[in-house]
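> Just passing along the structure, written as structure tokens.
The values are calculated or read from the model by the stated rules, or taken from the named source; none is laboratory data. Just so we're clear, the structure is a prediction, and the values are computed from it rather than from any experiment. Positions of Cβ are backbone-derived with ideal geometry, glycine not excepted, and every protein chain shown enters the neighbour counts. SASA here: full protein model, heavy atoms, side chains in, ligands and nucleic acids out. Shrake-Rupley method; radii C 1.70, N 1.55, O 1.52, S 1.80 Å.
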Amino acid sequence: MNNGEFDRIVDSIRGQQPSAEETQAAGERVRERLQHAAPANSLCAGFRAEFGAYRAGHLSEARKMLLDDHLHSCVACRREYSGVGAEVVMMPTRSAFSRRWVAVAVAAGLVAGLGLALPNVVDRAVGRILAPEGARGTVASIDGMLVAVSAQGATPLAVGAEIAEGQEIRTGKGSRAMVRLRDGSMVEMAERSALTLEERWRSKTVHLVRGNVVVEAAKQHNGRLEVATSDALVSVKGTIFGVSVGLKGSRVSVVEGAVQVDQTGGQSDLLHRGDQKTTHPSLARMAVTDDLAWSQNAAKYITMLADLQAVGEQISRLPLPGLRYSSRLIDRVPMSSVVVASMPNLSQVLGQATQIFDNRALQSADMAAWWNTSGGAGLRGAVDRVRTITDYLGDEILVTIPVHGAPVVLAEVKRQGLAEELARTGYDGPLSFEGSVVAIGAATVPPVGGFAASPFGAKILESYRAGVGLLFSANAEQIVGGDVGSSVAGFDNVRYFVAEQKGSLSAPVNTASLTFNGARHGVASWLAAPGPMGSLEFVSPQATFAASFVMRDPRQFLEELMGANGDASSVAEEFRTNAGVSLLDDLAGPLGGEATIAVDGAVLPTPAWKIAVEVDNADRLQWAIEQVIAAMQRSHPEHTVTLTNELVDGRKFYTLTGTPMAVHYTFVDGYWLMGANRAVLTTAISNRAAALTLPRSAEFRAQMPQDGSTYFSGLVYYNLGSTVGPIADELKASGLLTPQLQSQVDTLTANRTPSLIYMYGETDRIQVGSRSNLLQMGLQAIGSVASGNPMGAFPLHGLLPQ
């Protein structure tokens, strides 16, 4: 059976739609079988019990196959097998509806009687059976020594040598090697790195045991390429990225394209060009160019990053179409729509962007190779297709989405031939015309109705009266349908979400707002009305990151939450009994209404973090802290948690040790100032006295919005240049870079302007704004801020204390 025949069989199975009764009955049978089979986590425990027999080669072929597949899909067991050790984490099963029935059908014929209950294990087993035969890769080049490792010892490999399934290969000290996979992907190994290769029906996996690799992934048309480490799984479709793994964890750096990083514990991140991810806070982030400097292609990667950076800067300066103050399509929006997006026709901008890429390709051979033949070819094709279609449309394009049903695109037609052009690009969905209006995705053009007069329509028209560029609006009240959980969260009366971008790509004005049906309450009310932020004065102009917020009265806020949640009240009472202090009166009561958290100073080896919190009664707070620590020492004498103090120049400094990280703090002019070390505290105090502070710096003030507000409810500031700049300076001072590479590094670090998100907490809404050139920054921030997680506005994994 070839792949095409198998695909047709799978498609026929997917087309069978079981009834609700059949689905429920199948679910009950699986549940009963699982309940009688073993308790939770027994699958992992059962496989772990066989690790010894697996190493000794005593398992049957069938059982060995299942254990292989389990180790591939379970990061926790892979860590345990490698000797790292980890708490057992149950891996999620695949939830796709069609995959469930494919697994049932295949399992019945291939692995009946083996007691498998997890669909992902079945899928791996099928993938192994249908895996292609032969070597998984070949050695393309060696600089130094590359060996194949087995129980019998190490065997040197030569260029052209084939690498078998599961065969561990390892580079020597001062050595590098290049491995070519069957699909043409290239894996470059740094010195003293070890890996194995695995291939299934539609997946190829590089198991990185230790060390560093750079992967230039070929385009994965019907499958995926993965790099698996002890604590992460990196998945790609076609891109360039680096992965390293050591005692602290794993680091992933992306040169081009996008990669998905799934960590132990369920955290998942999508990384794009120039992004980096580390799996543990102790593993510091670094410049992507520095992370990949060991590679023989480092110059090419630095050039590519610089080229893409330069292209991005040029594209950001392209002017967007002018604002629209009315819409001829808004009355065509169906009343059932819960999402409405309005955008200008960007045909001209897309054409100019393509020309910028073409011009850069003429100047750079590496850019030309990417843009015309590898990763950029797909991007270019997509842009060309979109541009061709938008050439037929008018100045505005509306996208409407109902609660149930497919999206519909509404636009005015300015040229004949749109239907033929859509067919040429492969679109075969519904298409309808009425006069000059086209509806893509609907069998008929929606009739003129009363949407503009509806409350949701009226909310959208408010934005048009002020002029719109890019507009995204959602009727959250209808989307959630009242199912928003308890009132403790405060989202039981959420109503509308609206995000906008105006201006040019290089100088945008981004705003987003979450509106409630009445006053905010619960967790959603944590952000107070705009007010002064004195705690921000403890941050210097050189800060990498700073977030400052004005919050509701901490005692009142905590009291409301505890009153709405009985469990919280019982916890507070237990805390009072054990520690002798009140959460409300002794810990929350002394606190004021604003706070700032910042990374201000060195990032390596230990981030210079600091926190400043307004405090109204420092003596009472300090007494409460001492009581809590004393209670901890009584209940857990084996833990050496200690609090010491020292008087220096008339100021008392406290040091808390025995916790995951040492905390130094003092009290200054009504603020509780904490930091990574005493030097952080003394520098913050002296800078504040000398007025060398972030709020007074020109870079910070340049990011302020031009509106009538004197104060803010919250600010989040991020200055990448303060981190990248010193690293770039060290690279240039090392003398290791050629003049061309120095120029490329300068391009990378040029125009790294700070980003600022500002927030206003009003009675019935939270508003967020940003002058950054990324609209999604505002979208991410509003979700984080509204849900009480302001740190989610910026990706600072590994910089801030966890």
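> For 521, 664, 639, 404, give the ranking by accessible area with the largest first, probe 1.4 Å.
Details: 521 55, 664 35, 639 100, 404 165 Å².
Putting 521, 664, 639, 404 in descending order of accessible area: 404, 639, 521, 664.
> What is the gain in length, in nm to one decimal, between residue 173 and residue 415 on full extension, counting 0.36 nm per residue of separation less the C-alpha to C-alpha distance? Each step should come with its number before you reach the end.
Details: separation 242, 0.36 × 242 = 87.12 nm, distance 6.50 nm.
Computed gain between residue 173 and residue 415 is 80.6 nm.
> Rounded to the nearest 20 debye, what is the charge dipole size of the range 568-666 about its Cα centre when +1 sits on each Lys and Arg Cβ and -1 on each Asp and Glu Cβ?
Values: 6 positive and 13 negative charges, 46 e Å.
So the magnitude is around 220 debye.
> Check residue 494: other-chain or 5+ apart residues with amide H under 5 Å from its amide H, H built from backbone geometry?
For residue 494, whose amide H was placed from the backbone, the distant partners under 5 Å are 517.
> I would also like to ask the following. Tell me, in nm to one decimal, what length is gained between residue 282 and residue 154 on full extension, where the rule is 0.36 nm per residue of separation less the Cα-Cα distance?
Values: separation 128, 0.36 × 128 = 46.08 nm, distance 3.33 nm.
Answer, rounded to one decimal: 42.8 nm.
> Which order do peptides 45-57, 204-216, 272-284 fall in by mean Cβ count within 10 Å, highest first?
Working: 45-57: 13.5, 204-216: 21.6, 272-284: 18.2.
Top of the packing list down: 204-216, 272-284, 45-57.
> Now a separate question. Of 173/219; 219/502; 64/219; 414/502; 64/248; 173/277, which ones are farther than 28 Å apart at the Cα? Could the numbers behind the result be given before it?
Values: 173/219 32 Å; 219/502 36 Å; 64/219 31 Å; 414/502 25 Å; 64/248 30 Å; 173/277 26 Å.
Cα-Cα > 28 Å for 173/219; 219/502; 64/219; 64/248; rest within.
> Residues of the range 520-539 with the amide nitrogen closer than 18 Å to a label point 7 Å from the Cα of residue 686, along Cα-to-Cβ, please.
Inside the label zone: 538-539.
> In whole Å, what are the Cα extents of the range 396-488 along the three principal axes, biggest one first?
54, 30, 23
> Per residue of the range 248-263, in order, report the coupling 6.51 cos²θ - 1.76 cosθ + 1.60 (Karplus, θ = phi - 60°) as ³J(HN,Hα) in whole Hz, putting x for Gly and Pro.
Along the range 248-263, the couplings run 7, x, 10, 10, 10, 10, 10, 8, 8, x, 9, 9, 9, 10, 10, 9 Hz.
> Whole percent per 10 Å bin, from 0 to the bin with the longest distance: what is P(r) over all C-alpha pairs of the range 581-725?
9, 33, 34, 18, 5, 1
> Please compute the modelled spin-label separation between residue 325 and residue 365, points set 7 Å along Cα→Cβ, answer in nm with one decimal.
Reported label-point gap for residue 365 and residue 325 is 5.5 nm.
> Full-extension gain between residue 432 and residue 461, please, as 0.36 nm times their residue separation minus the C-alpha to C-alpha distance. Please list the in-between numbers first.
Numbers: separation 29, 0.36 × 29 = 10.44 nm, distance 2.60 nm.
Length difference between fully extended and current span is 7.8 nm.
> Using every pair of alpha-carbon atoms in the range 509-560, split the distances into 10 Å bins beginning at 0 and state the percent of pairs per bin, rounded to integers.
Once binned at 10 Å, the Cα pair distances of the range 509-560 give 17, 39, 33, 11, 0.
> Another question about this same structure. Counting only the backbone N, which residues of the range 192-213 are under 17 Å from the spot 7 Å out from the Cα of residue 162 toward its beta-carbon?
Residues 197-200 fall inside that zone.
> Probe 1.4 Å, all protein chains in place: accessible area of residue 335 in Å², nearest 10?
120
> Taking R0 as 41 Å, what FRET efficiency do you get between residue 584 and residue 336 from their Cβ-Cβ distance, rounded to the nearest 0.05? Mind dumping the intermediate values first?
Working: r = 47 Å, r/R0 = 1.14.
Taking R0 as 41 Å, the efficiency between residue 584 and residue 336 is 0.30.
> Now, a different point. How big is the charge dipole of the range 507-592 about its Cα centre, in debye rounded to the nearest 20, if each Lys and Arg gets +1 on its Cβ and each Asp and Glu gets -1 on its Cβ? Could the numbers behind the result be given before it?
On the way: 4 positive and 9 negative charges, 72 e Å.
Roughly 340 debye, rounded to the nearest 20.
> Normalised by the number of residues in the range 143-277, what is the relative contact order in percent for Cα pairs under 8 Å and 6+ residues apart? Numbers along the way, then the final one.
Details: 346 pairs, mean separation 19.7, N = 135.
Relative CO of the range 143-277 lands at 15 percent.
> Working with all protein chains in place, sort 320, 471, 247 by solvent-accessible area computed with a 1.4 Å probe, largest first. It would help to have the intermediate numbers written out before the result.
Working: 320 45, 471 10, 247 185 Å².
Of 320, 471, 247, the descending order of accessible area is 247, 320, 471.
> While we're on this one: Can you list the HN-Hα couplings for the range 335-352, worked out from phi with the Karplus curve (6.51, -1.76, 1.60; θ = phi - 60°), rounded to whole Hz and with x for Gly and Pro?
5, 7, 5, 10, 10, 10, 10, 10, 9, x, 6, 9, 4, 5, 5, 5, x, 5
> Extending each Cα 7 Å along its Cβ direction at residue 348 and residue 556, get the distance between those two points in nm, one decimal.
In this crude label model, residue 348 to residue 556 measures out at 5.3 nm.
> Just round it to a whole percent: the fraction of Cα-Cα distances in the range 148-221 exceeding 15 Å. Mind dumping the intermediate values first?
Numbers: 1460 of 2701 pairs.
Of the Cα pairs, 54 percent sit more than 15 Å apart.
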